[in-house]
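Q: Quick one: structure below, then a few questions.
The values are calculated or read from the model by the stated rules, or taken from the named source; none is laboratory data. Being a predicted model, the structure only gives us computed values, none of them experimental. Note that each Cβ is placed from the backbone with ideal geometry, even for glycine, and that neighbours are counted across all protein chains shown.
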Number of protein chains: 2
Amino acid sequence: MGRTTGTTGIDDVARAAGVSASTVSRVMNGRAGVDAALAERVRTAASSLGYRPNPLARSLVLGRTQTIAVVVPDLANPTFQGMLRGVTLAAARDGYRVLVADTSEDAAAEEAIVRETRQRCDAVVLCSPRMASDVLIAAVAALDPVVVINREVPGIPGVSADYRVGIVELLEHLATLGHRRLVYAAGSPSSASDAARRAGLADFALARPDVEVLTVEAGATFGDGAAAASVVVESGATGVVAFNDLVAMGVLASLAAQGIAVPAEVSVVGFDDIPFAAFTTPALTTAAVPVGELGELAWRRLAARFAGEEPEGDVMLRPELRVRASSGPVRTVISPAAGAGAGAGAETGAGRS
Amino acid sequence: MGRTTGTTGIDDVARAAGVSASTVSRVMNGRAGVDAALAERVRTAASSLGYRPNPLARSLVLGRTQTIAVVVPDLANPTFQGMLRGVTLAAARDGYRVLVADTSEDAAAEEAIVRETRQRCDAVVLCSPRMASDVLIAAVAALDPVVVINREVPGIPGVSADYRVGIVELLEHLATLGHRRLVYAAGSPSSASDAARRAGLADFALARPDVEVLTVEAGATFGDGAAAASVVVESGATGVVAFNDLVAMGVLASLAAQGIAVPAEVSVVGFDDIPFAAFTTPALTTAAVPVGELGELAWRRLAARFAGEEPEGDVMLRPELRVRASSGPVRTVISPAAGAGAGAGAETGAGRS
DNA sequence: GCCGTTCCAGAAAACGCTTTCCCATAGGCT
DNA sequence: AGCCTATGGGAAAGCGTTTTCTGGAACGGC
């Protein structure tokens, strides 16, 4: 009756307008078949009472909440921030709200978190780079309206960036600049998108047997990159492609601290094109992953699903190479001219093995 | 009955366990006074049926959703990302979910957005730097369990960073380095935290009449900073304190493009200490605003409120000066020694008026 | 041995809405 | 004039829980 809670309910409006609750409901939802005068009376009563239908009650009877969940592993990561933003904005445009969950704290409890969250929503977009494939497949089945980002699950719509071809573009870019000995500062082996990158590494190895690509385990954070820099240096590689921009920035920072010139001595490229990649020193060459679009697309798939459309196959967005200042021609051992040449090499690093 | 929707409901469990729904409810909620054997039977039935109580129905009857809303003006801004993360993590620890809303698209509709969002939740954390004060006060009244971030609303708990003293710290830092002519690259005049900064400017003017501080209108983004850089240069100031780190980075970029050395010719400092402030070139001196803590504190106030505690006064966090490489001693017009001195000045900019 | 307690469990009433079902009224048709 | 069909609005049955209220059974005290 609304009086219990202090909120004005549909019955209050009905009473004020001298009609039944059914009629109020019909008017509020724009259902046809209500006398114009009556409808007007209801609207007046509703607005003068400041009536707002309780969304919870609506959700319960309607069976939909007008809300979706977005589950990401780490809200501190620019990539996931971008995705979250993409789906939030797109969903808002269609009148949907977003419930956000960060699973970082407890990767083991991830499945429980996403299930619990899912119950309050109409669907979920799941971004879980690390969940084991079999666990993921099992978990996702119970989530039904769901789209996964950067994962492949049979029968489930997914939107991904093509990390595999992206990393090949990066490698080719360096190869074209003359680099013949590169290192890949890898992400976590349990990361699905890292696996895609490694597949790209293999593709590249076949295509360009003349270029050597070593792999060093790094991680996904700035710190991981900084830590990996020393082994990059020791490897004697002239170029490093990092798991992502964060790692690349770590490498950059560590290299700078060691007085190693980028790109004169070592080229370093990242992956993702996070908002700050353009502002590192030197500005980071990277493969741009359109995270916002990824998020928006995820929403679109969900919206289509809500509209009853049949799901099509997965969509894959191709990263775009962004050449900036952190990559350059391979250093030459020939005596440097102190001129204007961009890639004029210093011999400083010559003795490194 | 649950059968209609395909979901297993409480009645299904009741039937399976041969008890009434009331008993199932009691067991599921750990209410005392249920025979142990019976309780066990219910638990077995529930888990074998994979029963999960519908949170919507619970919310409706309980009158609480176990969800709070976080409303921010722009999910692309690192500051708000940090706050969102802070409250999300803290709330999750206490079993609460977060509904996120980005109001950027339509500042006029902000009030409607927050009201609508609020209805689905138990409370809201509102971060609305630009809403006019009177509108805010009126709007916030209808939101009751609410905490505002970086705004002062009488009678409403708020958590803020002390931008006023923060900017004074920054100014004093530059004054100490010998700067006597500074410019403040201001944010939007409609921004509450910009008003606080300007109040700080006034405080500083009183305390240090020997230091001149000009104000130029800039904005809150990288682009705004870049655009403002030229007028900074023309002003002949030796130091600029930017509205925030983004603006500072814009200034930095534009200065670099013009070949003006930082900090040798001009010092620039930011505000916020966003994650990337440490990685600009040169690394940005700034006043660190603990956004994560701000968010966490906001949650705490809400949690306390839920627990029935009385609200205390507003809390204000003091920004912490982080001196990095973008600020240095004022340039000297005296002939530079080509030595190791950090702030050895170039005369390049001497003619600027 | 009877009555008053206590303990448990089920029936039913909310929570605030939507929607189906049904009835009344008015209008058109033959 | 009588009947049949729109048309509009009200009553009531949900949606899936929680919780109060009620009642039956077992138990203890006198």
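Q: Count, please, the residues in region A:257-277 that happen to be at pLDDT 90 or above and outside any loop (DSSP other than H, G, I, E, B).
A: 5
Q: Within 21 Å of A:R197 (Cβ to Cβ) and either surrounded by fewer than 22 Cβ atoms within 10 Å (Cβ to Cβ) or within 12 Å of another protein chain (Cβ to nearest Cβ) (or both): which single residue out of A:A277, A:A283 fits that description? So that I can check it myself, show each step before the final result.
A: Details: A:A283 fails: within 21 Å of A:R197 (Cβ to Cβ).
Answer to the check: A:A277.
Q: Step by step: first the residues of region B:89-102, then only those that are more than 8 Å from chain A (Cβ to nearest Cβ) and in contact with a Lys or Arg (Cβ under 9 Å, 6 or more places away or on another chain), then the one that is surrounded by the fewest Cβ atoms within 10 Å (Cβ to Cβ). Which residue is that?
A: Filtering region B:89-102 for residues that are more than 8 Å from chain A (Cβ to nearest Cβ) and in contact with a Lys or Arg (Cβ under 9 Å, 6 or more places away or on another chain), the one surrounded by the fewest Cβ atoms within 10 Å (Cβ to Cβ) comes out as B:A90.
Q: Just for region B:2-16: of the residues that are within 13 Å of DNA strand C (Cβ to nearest atom) and closer than 15 Å to B:P55 by Cα, which one is modelled with the highest pLDDT? Explain how you work it out, then say what you get.
A: Going through region B:2-16, the residues within 13 Å of DNA strand C (Cβ to nearest atom) turn out to be B:4, B:9-11, B:13-16.
Now drop any that are not closer than 15 Å to B:P55 by Cα, which leaves B:9-10.
Values: B:G9: 89, B:I10: 92.
Ranking the qualifying residues of region B:2-16, first place goes to B:I10.
Q: Does B:D35 fit the bill of being over 38 Å from the mean Cα position of the chain (by Cα), more than 7 Å from DNA strand D (Cβ to nearest atom), more than 11 Å from chain A (Cβ to nearest Cβ) and under 27 Å from A:S59 (Cα atoms)?
A: On the way: over 38 Å from the mean Cα position of the chain (by Cα): yes; more than 7 Å from DNA strand D (Cβ to nearest atom): yes; more than 11 Å from chain A (Cβ to nearest Cβ): yes; under 27 Å from A:S59 (Cα atoms): no.
No.
Q: Check A:S48 against each of (1) surrounded by 22 or more Cβ atoms within 10 Å (Cβ to Cβ); (2) among the polar types (S, T, N, Q); (3) more than 8 Å from chain B (Cβ to nearest Cβ) and name the one condition it does not meet.
A: Condition not satisfied by A:S48: (1).
Q: Do you know which residues across region A:109-142 are surrounded by fewer than 21 Cβ atoms within 10 Å (Cβ to Cβ), modelled with pLDDT of 90 or more and not in a helix (DSSP H, G or I)?
A: Correct list: A:D122 only.
Q: Another question, if that's okay. Of all residues in region B:22-32 being closer than 30 Å to B:V124 by Cα and surrounded by 14 or more Cβ atoms within 10 Å (Cβ to Cβ), which is farthest from the other protein chains (Cβ to nearest Cβ)?
A: B:S25
Q: Would you pick out the residues in region B:141-153 that are without any contact (Cβ under 8 Å) to a residue 24 or more places away in the chain and more than 19 Å from B:L294 (Cα to Cα)?
A: Hits for region B:141-153 are B:A141, B:D144.
Q: Residue check: is B:V19 within 9 Å of DNA strand C (Cβ to nearest atom), of a type in the set (A, V, I, L, M, F, W, C) and buried (at least 19 other Cβ atoms within 10 Å of the Cβ)? Talk me through it step by step, then tell me what you get.
A: Working: within 9 Å of DNA strand C (Cβ to nearest atom): yes; of a type in the set (A, V, I, L, M, F, W, C): yes; buried (at least 19 other Cβ atoms within 10 Å of the Cβ): yes.
It is true that B:V19 is within 9 Å of DNA strand C (Cβ to nearest atom), of a type in the set (A, V, I, L, M, F, W, C) and buried (at least 19 other Cβ atoms within 10 Å of the Cβ).
Q: How about region B:144-155: which of its residues are buried (at least 21 other Cβ atoms within 10 Å of the Cβ) and part of a loop (DSSP other than H, G, I, E, B)?
A: Going through region B:144-155, the residues buried (at least 21 other Cβ atoms within 10 Å of the Cβ) turn out to be B:146-151.
Result: B:N150, B:R151.
Q: Related question: Hey, among A:R208, A:R151, A:R197, A:R181, which residue is among the basic types (K, R), closer than 30 Å to A:R118 by Cβ and in the same structural domain as A:A248 (by TED's automatic domain parsing)? First the steps, then the outcome.
A: Details: A:R208 fails: closer than 30 Å to A:R118 by Cβ; A:R151 fails: in the same structural domain as A:A248 (by TED's automatic domain parsing); A:R181 fails: closer than 30 Å to A:R118 by Cβ.
Step by step, each of A:R208, A:R151, A:R197, A:R181 is checked, and only A:R197 is among the basic types (K, R), closer than 30 Å to A:R118 by Cβ and in the same structural domain as A:A248 (by TED's automatic domain parsing).
Q: Moving on to the next point. Tell me which of these B:M83 doesn't satisfy, since it passes every other one: (1) more than 9 Å from chain A (Cβ to nearest Cβ); (2) in contact with a Phe, Trp or Tyr (Cβ under 9 Å, 6 or more places away or on another chain).
A: Condition not satisfied by B:M83: (2).
Q: Please find, among B:L255, B:L246, the residue that is among the hydrophobic types (A, V, I, L, M, F, W, C) and over 27 Å from B:I149 (Cα atoms).
A: Working: B:L246 fails: over 27 Å from B:I149 (Cα atoms).
Among B:L255, B:L246, only B:L255 is among the hydrophobic types (A, V, I, L, M, F, W, C) and over 27 Å from B:I149 (Cα atoms).
Q: Can you name the number of the only condition in (1) away from every other protein chain (no Cβ under 11 Å); (2) within 26 Å of B:M249 (Cα to Cα); (3) crowded, with 19+ Cβ neighbours inside 10 Å; (4) modelled with pLDDT of 95 or more that A:L294 fails?
A: Checking A:L294 against (1) away from every other protein chain (no Cβ under 11 Å); (2) within 26 Å of B:M249 (Cα to Cα); (3) crowded, with 19+ Cβ neighbours inside 10 Å; (4) modelled with pLDDT of 95 or more, the one that fails is (2).
Q: Mind listing whichever residues of region A:56-80 are under 25 Å from A:I274 (Cβ atoms) and either more than 9 Å from chain B (Cβ to nearest Cβ) or assigned to a loop (DSSP other than H, G, I, E, B) (or both)?
A: Of all residues in region A:56-80, those under 25 Å from A:I274 (Cβ atoms) come to A:68-80.
Result: A:I68, A:V71, A:V72, A:P73, A:D74, A:L75, A:A76, A:N77, A:T79, A:F80.
Q: Conditions first: (1) assigned to a loop (DSSP other than H, G, I, E, B); (2) more than 10 Å from DNA strand D (Cβ to nearest atom). A:S47 passes all but one, so which condition is the exception?
A: (1)
Q: Quick check on region A:70-82. Is at least one of its residues within 8 Å of DNA strand C (Cβ to nearest atom) and either farther than 20 Å from B:I113 by Cβ or touching a helix residue (DSSP H, G or I) at 6+ places or on another chain (Cβ under 8 Å) (or both)?
A: Of all residues in region A:70-82, those within 8 Å of DNA strand C (Cβ to nearest atom) come to none.
The answer is no; no qualifying residue exists.
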